[in-house]
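> Take a look at this one; I'll ask things after.
What follows draws every value from the coordinates through simple rules; no lab data is involved. Quick caveat: nothing in here was measured; it's all calculated off a predicted structure. Note: ideal-geometry Cβ built from the backbone for every residue, glycine included; neighbour counts use all protein chains shown.
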Amino acid sequence: MRGLRSKAIERGWIGEGEPLLVGRLAFPLEADLPDVVHEFNRPARDAVVAEALEGMAAPQANPSLFGPEPQVVVAEVERYGIPLRTVLGMESGLMRSDPYYDAQYLSHFYRRHYRNLYRPKRFSHSWFLSEQIRSGQRILERVGSKLPRSGRVLDVGCGMGGMLIPFKFDGCEVAGCDYGEEYADRGRSLGLEIRIGGPELFRGEEPFDLIILSHVLEHTSDPVHFLREVAGLLKPTGICYIEVPGLLNLDKWYNGNLLEYLQNAHRWHFTAGTLGAVANRAGLRILECDQTIVCLAQVGSADEMAMANDGADVLGEIRRLEGALAAKGASRN
């Protein structure tokens with residue numbers, strides 16, 4: 001165990017002697033989370049750890065989107081047991097992975113390991129497609145009244161494109177893009193237009209009435225630039241639907257356990273406030289946003305100095321969650 005830690009320090013993934021806000025999240029973990037790491041994804045996890053410690057993955061600095069600010073190191077490890085330093089901006093409340101993977105390794109990770117690492121115990125392509133269709137129906141119910149008849153809908157990071165199916169049945173013109181060729185091929189077999197790549201593939205084409213970014217923004221290298229690209233594809237009255245994990249909503253989705261929430265594919269961790277500030281910097285005007293996080297936005301004037309002030313709230317929430325977990329463990333003993 002000490003050898004693994006020494007390698008992680010030597011490679012630059014974690015610091016030596018840095019105090020942690022959450023002491024239990026030091027690398028390496030004492031034991032895997034049984035519902036997260038299992039026989040189907042353990043080989044992928046072990047490969048990612050080995051590639052980080054053996055130098056295939058080169059750590060690169062990942063500075064705050066809001067400029068320099070005081071920060072605290074929250075964790076050295078994420079839920080799969082992979083070394084990953086997570087820091088919290090004490091003023092903004094933006095939490096991020098720093099350092100993070102270099103672009104060359106990220107391409108390799110998403111091509112070779114991502115789907116295998118993140119697969120649940122019970123997985124099939126039909127299950128995944130059905131989950132996407134259910135999510136698409138939920139989004140349609142939320143935004144459908146804001147769309148014109150036969151509106152144009154784009155799903156960025158669409159996977160198989162299942163979220164587009166309810167919109168297609170509702171008479172919309174739909175398209176998607178994703179970097180996963182296998183999933184894209186399966187979506188195409190259903191008659192969906194899915195392109196390999198990102199939103200830049202749609203530049204210069206007729207703009208969209210709705211662009212869906214469901215669990216995409218937290219993966220991007222530069223969320224402000226990415227949202228600016230997306231904003232350029234929207235009609236003036238178009239809607240951008242953004243959904244990301246909510247840092248102030250861990251009780252609902254992650255059993256109140258920060259370890260279950262942290263994952264190596266997520267570079268950024270948002271609150272409604274930090275996401276709103278990022279969107280404002282990109283030229284998107286927030287219509288609705290909650291701590292789920294689900295956010296609706298339209299094209300507006302960019303505020304390149306937009307800031308968030310959620311640091312105290314995030315710090316207090318992490319301490320509350322850790323206290324609740326400790327109390328629960330004590331009651332069991």
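> Once the Cβ-Cβ distance between residue 145 and residue 206 is put in as r, and R0 is 22 Å, what FRET efficiency do you end up with, to the nearest 0.05?
E between residue 145 and residue 206, to the nearest 0.05, is 0.50.
> Computed over the Cα atoms of the chain, what is the ratio Rg over Rh, Rh following Kirkwood?
So for the chain, dividing Rg by the Kirkwood Rh gives 0.96.
> Stokes-Einstein D for the stretch 144-237 at 20 °C, 1.002 mPa s, Kirkwood Rh over Cα pairs, in µm²/s? Before the final figure, lay out the partial values.
Working: Rh = 13.4 Å.
Rounded to a whole number, D works out at 160 µm²/s.
> With the contact rule set at Cα under 8 Å and sequence spacing of 6 or more, what percent relative contact order holds for the stretch 1-64?
Taking the mean separation of contacting Cα pairs over the length of the stretch 1-64, I get 46 percent.
> Another question, if that's okay. Can you run phi through the Karplus equation (6.51, -1.76, 1.60; θ = phi - 60°) for the stretch 300-314 and list ³J(HN,Hα) in whole Hz, with x for Gly and Pro?
Going residue by residue, I get x, 7, 6, 10, 5, 10, 4, 10, 10, 9, 9, x, 5, 5, 5 Hz, with x marking Gly and Pro.
> Using the scaling law 2.2 N^0.38 Å as the reference, what is the normalised Cα Rg of the stretch 76-175?
1.43
> Moving on to the next point. Which FRET efficiency value, to the nearest 0.05, do you get for residue 30 and residue 138 by plugging their Cβ-Cβ distance into 1/(1 + (r/R0)^6) with R0 = 35 Å?
0.40
> Tell me, what is a quarter of the convex hull surface for the C-alpha atoms of the stretch 125-310, in nm² with one decimal? Could you put the intermediate results ahead of the total?
Numbers: hull surface 41.7 nm².
Convex hull of Cα atoms, orientation-averaged projection: 10.4 nm².
> Quick one: which residues, 5+ away or cross-chain, put their amide H under 5 Å from the amide H of residue 270? H built at 1.01 Å from N.
So residue 270 has HN proximity to 247.
> Can you list residues whose amide H is under 5 Å from residue 155's amide H, if they're 5+ apart or on another chain and H is modeled 1.01 Å from N?
175, 176, 177, 212
> Evaluate the Debye formula for the stretch 279-333 with equal point scatterers sitting on the alpha carbons, no solvent, and hand back log10 of I(q)/I(0) at q = 0.12, 0.25, 0.27 Å⁻¹, in q order, two decimals.
-0.49, -0.99, -1.03
> Enumerate by residue number the trypsin sites (Lys or Arg not before Pro) in the stretch 162-229 meeting two conditions: DSSP loop (anything except H, G, I, E, B), and at most 13 other Cβ atoms within 10 Å of the site's Cβ.
Sites meeting the loop and neighbour criteria: 203.
> For a quick check of your reading of the filter: which GluC sites (Glu not before Pro) in the stretch 1-102 sit in a DSSP loop and have no more than 16 other Cβ atoms within 10 Å?
Of the GluC sites (Glu not before Pro), the ones in loops of the stretch 1-102 whose Cβ has at most 16 other Cβ atoms within 10 Å are 16, 30, 39, 54.
> Would you mind checking the stretch 80-99 for residues with the amide N under 16 Å from a putative spin-label position 7 Å along Cα→C-beta of residue 319?
88-91, 93
> Here's a follow-up. Cut-off is 10 Å between beta-carbons; in what order do 205, 322 appear when sorted fewest neighbours first?
205, 322
> Give the dimensionless ratio obtained when the Cα radius of gyration of the stretch 226-276 is divided by 2.2 N^0.38 Å.
For the stretch 226-276, the normalised Cα radius of gyration is 1.43.
> If you don't mind, another one. Mind telling me which of 164, 129, 210 comes out most flexible in a GNM of the chain, alpha-carbon contacts under 10 Å?
The residue with the greatest mean-square fluctuation here is 129.
> Could you tell me the center-to-center distance, by alpha carbons, between the stretch 292-324 and the stretch 175-189 in angstrom?
Each part's Cα centre sits 32 Å from the other's.
> Which value, in Å³ per residue, describes the convex hull spanned by the Cα atoms of the stretch 1-141?
152 Å³
> To the nearest 10 degrees, how steep is helix 272-281 against the longest Cα principal axis of the chain, on a 0 to 90 scale?
For helix 272-281, the angle is close to 60 degrees.
> Same structure, new question: Given a cut-off of under 8 Å on Cα pairs at least six residues apart, what relative contact order in percent is computed for the chain?
For the chain, the relative contact order is 15 percent.
> Moving to a separate point now. Please report the antiparallel percentage of the DSSP beta bridges confined to the stretch 125-310, to the nearest 5.
If we restrict to bridges inside the stretch 125-310, about 35 percent are antiparallel.
> Let me ask something else. Per-residue HN-Hα couplings for the stretch 95-104, Karplus 6.51 cos²θ - 1.76 cosθ + 1.60 at θ = phi - 60°, whole Hz, x for Gly and Pro?
9, 8, 8, 8, x, 9, 5, 6, 4, 5
> Could you list the square roots of 5 times each eigenvalue of the Cα gyration tensor of the stretch 1-50, that is, the equivalent ellipsoid semi-axes, sorted largest first and rounded to whole Å?
22, 14, 8
> GluC sites (Glu not before Pro), restricted to the stretch 241-305: which are DSSP loop and have at most 12 other Cβ atoms within 10 Å?
Sites meeting the loop and neighbour criteria: 304.
> Okay, next question. Looking only at the chain, where both bridge partners belong to it, what percent of the DSSP beta bridges are antiparallel (to the nearest 5)?
In the chain, DSSP labels about 55 percent of beta bridges as antiparallel.
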